[in-house]
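Below: one structure, written as structure tokens.
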Amino acid sequence: MNDLRFEDQPVREVGRRRGFHLDKANGKLMGVCSGIADTFGWDVTLVRIAWVAGTLLGLGSLIIIYLAIGLLAD
């Protein structure tokens, strides 16, 4: 007869990617902050402000992390 199969998994949204990815279309430099904001559903401006504040308070250590994420992701 027919080989119809029905799956119990919910249908994923079209166009949404699962997991972290760089958002180069909405990014300013490499798309790291906009990718983080898109992954967690946060406002990208707040993520950028937190990243700059963390960089200033951490004596620039987040710059290295930003570059590593930008080069290794996607």
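The values are calculated or read from the model by the stated rules, or taken from the named source; none is laboratory data. Owing to the predicted nature of the structure, the values given are computational and were not obtained by experimental measurement. Virtual Cβ from ideal backbone geometry, glycine too; neighbours counted across all protein chains shown.
Would you confirm whether any residue within region 58-73 is polar (S, T, N, Q), surrounded by 12 or more Cβ atoms within 10 Å (Cβ to Cβ) and either out of contact with any His (no Cβ under 6 Å at 6 or more places or on another chain) or at pLDDT 90 or above (or both)? Break it down into steps so the answer makes sense when it comes.
Taking region 58-73 as the starting set, the residues that turn out to be polar (S, T, N, Q) are 61.
Those left that are additionally surrounded by 12 or more Cβ atoms within 10 Å (Cβ to Cβ): none.
Within region 58-73, not a single residue is polar (S, T, N, Q), surrounded by 12 or more Cβ atoms within 10 Å (Cβ to Cβ) and either out of contact with any His (no Cβ under 6 Å at 6 or more places or on another chain) or at pLDDT 90 or above (or both).
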What is the one condition in (1) modelled with pLDDT of 90 or more; (2) in a loop (DSSP other than H, G, I, E, B); (3) of a type in the set (Lys, Arg) that ARG48 does not satisfy? (2)
Find the residue count for region 40-53, including only residues that are under 17 Å from MET30 (Cβ atoms) and surrounded by 13 or more Cβ atoms within 10 Å (Cβ to Cβ). 5
So, in region 1-22, of the ones that are among the aliphatic types (A, V, I, L, M) and modelled with pLDDT under 65, which residue ends up farthest from the chain's Cα centre (by Cα)? MET1
Being over 21 Å from ILE65 (Cβ atoms), modelled with pLDDT of 85 or more and hydrophobic (A, V, I, L, M, F, W, C): is that true of ALA25 here? yes
